[in-house]
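Remarks on the structure that follows.
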């Protein structure tokens, strides 16, 4: 297996001017679990080596240790150039299409600029790119996170003889999409890049990339400070993925069995997309999780006092970790490794309202966002 070429944006970037105190942005996006992250932000070389070897072993379980090591070394050789190019994320996307492997790379960079006008910045970036790559396709687009410039084209990269099946250095063609996104209120540009060897699977990878771009979100330090005093209101109206919904329903069913009380059911007609509390506190507002809420009403008061202890004991025996409240009338249960791999990250919340004869339940899926907090001054 040969490491794919991980490129970095080649648009000319002027040195940044001295703006007065640019805000720190907490940038987030949702990356599918099959995109495997490279340790571009590893604290030291030893940690990076360990993570690369673990990645190579996971991706190549049927290959000999020597091949796994060579693959890890090939990836490691690209970490330093990416760090120098202000890459804040890099991932390998490996899929199986009709029984054969198919791969691409996704790289995210944060580059300085000296423009005071985001629209003009995108137009200037397009002009500079056209000079270097006149045959590529350029478009100004509007993403959910704001205006952006896309570049779609091809690039040539040299495959080292060490990796070439012929034993000689080869020139290969790679399909490429770059998306340039100005970060508001800063002198920085966020660049998302998809690269893959030319193949019939390009449409699949580009569609996946387009879905990732729709999830980009950010919040400033000031927004975070402002929103810390505001509680999250109604969840987003968009419906979560079917698989996520079905997993929520499965846990709701188990929770209902553990409550073991009869009453009139209300709510629970569907799951809703939400922003998890951690992302909300960082100023991020796009949906990253999902929740299924329901209630049992008109419950006989005599049985309510035993609900929390019974639910806690029942689910703790199945690996859920309980966090009861001081008054003993509610409990939050978090899935652990012992609960099963599909359950990890889910939380269950049960609250007993004895004076109302009501039990409220919430089942929440894990946050799907990959978040980073990157200082505008690059560290």
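Does any residue of region 101-113 turn out to be exposed (fewer than 15 other Cβ atoms within 10 Å of the Cβ) and assigned by TED's automatic domain parsing to the domain that holds residue 201? Taking every residue of region 101-113 in turn, at least one turns out to be exposed (fewer than 15 other Cβ atoms within 10 Å of the Cβ) and assigned by TED's automatic domain parsing to the domain that holds residue 201.
Restricting attention to region 269-279, and to residues there that are surrounded by fewer than 19 Cβ atoms within 10 Å (Cβ to Cβ) and under 27 Å from the mean Cα position of the chain (by Cα), which single residue is modelled with the highest pLDDT? Step by step, filter region 269-279, then rank; the result is 270. Here residue 90 passes the criteria (1) touching a residue at least 60 places away in the same chain (Cβ under 8 Å); (2) assigned to a helix (DSSP H, G or I); (3) assigned by TED's automatic domain parsing to the domain that holds residue 196 except the one numbered (2). Might you check whether a residue that is assigned to a loop (DSSP other than H, G, I, E, B), at pLDDT 60 or above and farther than 30 Å from residue 348 by Cβ occurs anywhere in region 202-225? Yes, because at least one residue in region 202-225 is assigned to a loop (DSSP other than H, G, I, E, B), at pLDDT 60 or above and farther than 30 Å from residue 348 by Cβ. Could you list, in sequence order, all residues of region 329-379 that are surrounded by 13 or more Cβ atoms within 10 Å (Cβ to Cβ), on the phi > 0 side of the Ramachandran plot and modelled with pLDDT under 75? Residues satisfying the conditions do not exist here. Can you confirm whether region 5-14 contains a residue that is more than 30 Å from residue 184 (Cβ to Cβ), crowded, with 16+ Cβ neighbours inside 10 Å and at pLDDT below 85? Yes, some residue in region 5-14 is more than 30 Å from residue 184 (Cβ to Cβ), crowded, with 16+ Cβ neighbours inside 10 Å and at pLDDT below 85.
Yes or no, residue by residue, for (1) buried (at least 17 other Cβ atoms within 10 Å of the Cβ); (2) closer than 28 Å to residue 80 by Cβ; (3) modelled with pLDDT under 95; (4) touching a helix residue (DSSP H, G or I) at 6+ places or on another chain (Cβ under 7 Å):
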{"position": "119", "(1), (2), (3), (4)": "no, no, yes, no"}
{"position": "127", "(1), (2), (3), (4)": "no, no, no, no"}
{"position": "135", "(1), (2), (3), (4)": "no, no, yes, no"}
{"position": "146", "(1), (2), (3), (4)": "no, no, yes, no"}
{"position": "151", "(1), (2), (3), (4)": "yes, yes, no, yes"}
{"position": "159", "(1), (2), (3), (4)": "yes, yes, yes, no"}
{"position": "167", "(1), (2), (3), (4)": "no, yes, yes, no"}
{"position": "176", "(1), (2), (3), (4)": "yes, yes, yes, no"}
{"position": "187", "(1), (2), (3), (4)": "yes, yes, yes, no"}
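On the basis of being outside any strand (DSSP E or B) and more than 18 Å from residue 188 (Cα to Cα), does residue 139 make the cut? It is false that residue 139 is outside any strand (DSSP E or B) and more than 18 Å from residue 188 (Cα to Cα). Of the residues making up region 36-72, those that are in contact (Cβ under 8 Å) with a residue 40 or more places away in the chain and either touching a strand residue (DSSP E or B) at 6+ places or on another chain (Cβ under 8 Å) or assigned to a loop (DSSP other than H, G, I, E, B) (or both) are 36, 37, 38, 39, 40, 41, 59, 60, 63.
Matching residues to (1) under 20 Å from the mean Cα position of the chain (by Cα); (2) under 21 Å from residue 205 (Cβ atoms):
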| site | (1), (2) |
| --- | --- |
| 96 | no, yes |
| 103 | yes, yes |
| 109 | yes, yes |
| 115 | no, no |
| 119 | no, no |
| 125 | no, no |
| 128 | no, no |
| 144 | yes, yes |
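The values are calculated or read from the model by the stated rules, or taken from the named source; none is laboratory data. Just so you know, these numbers come straight off a predicted model, no measurement behind them. Using ideal geometry, Cβ is built from the backbone for each residue, glycine included, and neighbour counts are taken over all protein chains shown.
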